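**Student:** Handing you a structure now.
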Amino acid sequence: MRSINIAAGQLGPIARNETRTEVVARLSALMREAQSAGCDLIIYPELALTTFFPRWYMEDQAEIDCFFEREMPGPQTRPLFDLAGELGIGFCLGYAELALEDGRLHRYNSSILVDKSGRIVAKYRKVHLPGHAEHEPWRKFQHLEKRYFEPGAGFGVVDAFGGVIGMAICNDRRWSETYRVMGLQGVEVVLIGYNTPVHNPPAPEHDELSLFHNQLVMQAGAYQNGTWVVGVAKAGIEEGVDQIGGSCIIAPSGEVAAACTTRGDEIARACCDLDLCNSYKRTTFNFDVHRQPHAYRLIVERKGRHLMADGTAVPSA
Ligand code: CDT
């Protein structure tokens with residue numbers, strides 16, 4: 001049996017004034033607990049090294065950049081990599097990345113996958129950036145990801161931990177394309193960190209469904225692509241903002257295999273049988289046999305007329 005013993009390493013709130021060293025100590029405690037429980041890999045949330053800073057409008061670039069990592073590992077995060085190597089456990093970590101590319105600074109909402117020797121084997125940059133770019137004072141809190149980050153380029157997968165692994169970050173999990181693009185590459189485990197406020201300022205009528213929607217999208221993504229999905233929250237009341245928990249590990253059947261029960265630092269773990277993916281990938285969701293890509297052509301509507309993507313009228317039935 002091919003399997004990976006996985007821990008969802010949920011974090012409770014991180015205060016604005018909490019140092020990287022303090023946070024790394026919390027991550028290390030969860031890593032030790034996961035390794036004692038026999039885990040091969042621990043997944044941490046999105047932006048796991050700081051508070052969720054896009055909730056504040058800031059103009060001073062130096063103030064903004066305090067939340068970003070210029071190197072990974074850097075002096076304060078190196079101990080986590082060293083501990084992973086010492087314990088022989090991998091990890092997936094979300095953080096704000098400041099990268100110098102083509103002579104220009106770029107800012108991404110990123111995650112990395114680190115193997116059991118403490119070596120980075122994959123990096124992902126968040127594609128779907130929710131929220132807004134300008135200050136919207138009517139909101140109880142801001143969601144300025146479109147101001148502070150630029151989007152990443154796509155969804156890749158990597159051969160690691162004996163399986164095919166992909167990453168996504170928070171809002172990405174709500175989009176079926178996220179899972180399908182990786183599903184088409186044979187993904188077997190999708191790793192997702194998130195920070196999701198209970199309250200959605202533009203649509204408060206969704207608030208009481210926030211946990212339901214979290215489960216809904218990840219369970220559907222798992223089942224429709226025959227893959228494990230690991231969703232990990234930064235939860236609890238962080239700087240006055242209530243964030244959902246609900247971290248869980250979902251099987252290719254769509255069933256929840258393990259879940260956190262608190263909104264603090266906690267691990268949930270499951271032994272993920274990768275061969276279970278084939279039960280779905282070779283039957284109901286055998287893409288080669290059953291998908292109909294030719295039928296998925298875009299239909300656009302212009303001035304009341306339905307048109308195919310090439311501009312011709314939709315053929316009548
Ligand atoms: N971090 C992040 O992407 N959060 C968003 C909140 C948007 S409100 C629906 C999320 O999709 O969870």
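**Student:** Before rounding to the nearest 500, sum -39500 (n - 2.57) across all DSSP H runs of length at least 4 in the chain and divide by the residue total; then give [θ] at 222 nm in deg cm²/dmol. Write out the running numbers ahead of the final one.
**Tutor:** Working: 8 runs with 70 residues, N = 317.
Mean residue ellipticity, 222 nm, calculated: -6000 deg cm²/dmol.
**Student:** Next question, about the same structure. Run the numbers for Leu209 and His290: contour at 0.36 nm per residue of separation, minus the present Cα-Cα distance, in nm. If you can, show how the numbers build up before the last one.
**Tutor:** Values: separation 81, 0.36 × 81 = 29.16 nm, distance 3.29 nm.
In short, 25.9 nm is gained.
**Student:** Over segment 3-285, what is the relative contact order in percent, taking alpha-carbon pairs closer than 8 angstrom and at least six residues apart?
**Tutor:** Working: 685 pairs, mean separation 61.7, N = 283.
Reported relative contact order: 22 percent.
**Student:** Quick one: net charge around Gly231, please, counting Lys, Arg +1 and Asp, Glu -1 for every other residue with C-beta under 13 Å from its C-beta.
**Tutor:** Numbers: positive: Arg173, Arg174, Lys234; negative: Glu46, Asp172.
Local charge sum for Gly231: +1.
**Student:** Strictly over 29 Å apart at the Cα level, which of Lys146/Lys234; Lys116/Lys146; Lys123/Lys146; Lys234/Lys281 would you flag in this model? Each step should come with its number before you reach the end.
**Tutor:** Values: Lys146/Lys234 20 Å; Lys116/Lys146 34 Å; Lys123/Lys146 20 Å; Lys234/Lys281 31 Å.
Table pairs above 29 Å Cα-Cα are Lys116/Lys146; Lys234/Lys281.
**Student:** Please work out the FRET efficiency for the pair Ala29 and His199, using the Cβ-Cβ distance as r and a Förster radius of 30 Å; give the result to the nearest 0.05. Don't skip to the answer; put the middle values down first.
**Tutor:** Numbers: r = 30 Å, r/R0 = 0.99.
Once the sixth-power term is evaluated, E becomes 0.50.
**Student:** In nm, give the distance between the simple-model label positions of Ala15 and Glu136, each being 7 Å from the Cα along the Cα-to-Cβ direction.
**Tutor:** Between Ala15 and Glu136, the simple spin-label model gives 3.0 nm.
**Student:** Further question on the same structure: What net charge do the residues around Tyr179 carry, taking every other residue with its C-beta under 11 Å from that of Tyr179, with Lys and Arg at +1 and Asp and Glu at -1?
**Tutor:** On the way: positive: Arg173, Arg174, Arg180; negative: Asp172, Glu177.
Net of charged neighbours comes to +1.
**Student:** Also, I was wondering about something else. Which order do peptides 188-198, 109-119 fall in by mean Cβ count within 10 Å, highest first?
**Tutor:** Working: 188-198: 25.8, 109-119: 20.8.
The densest-packed peptide leads the list: 188-198, 109-119.
**Student:** Further, regarding this structure: How many Å² of accessible area per residue for segment 200-317, probe 1.4 Å? Walk me through the intermediate numbers first.
**Tutor:** On the way: 6460 Å² over 118 residues.
Per residue, segment 200-317 has an accessible area of 55 Å².
The values are calculated or read from the model by the stated rules, or taken from the named source; none is laboratory data. In this text the structure is predicted, and so the values were computed from the model without any measurement. Neighbour counts are summed over all protein chains in view; Cβ atoms, including those assigned to glycine, are modelled from backbone coordinates with ideal geometry. Heavy atoms of the whole protein, side chains included, go into the accessibility calculation; ligands, DNA and RNA do not. Shrake-Rupley method; radii C 1.70, N 1.55, O 1.52, S 1.80 Å.
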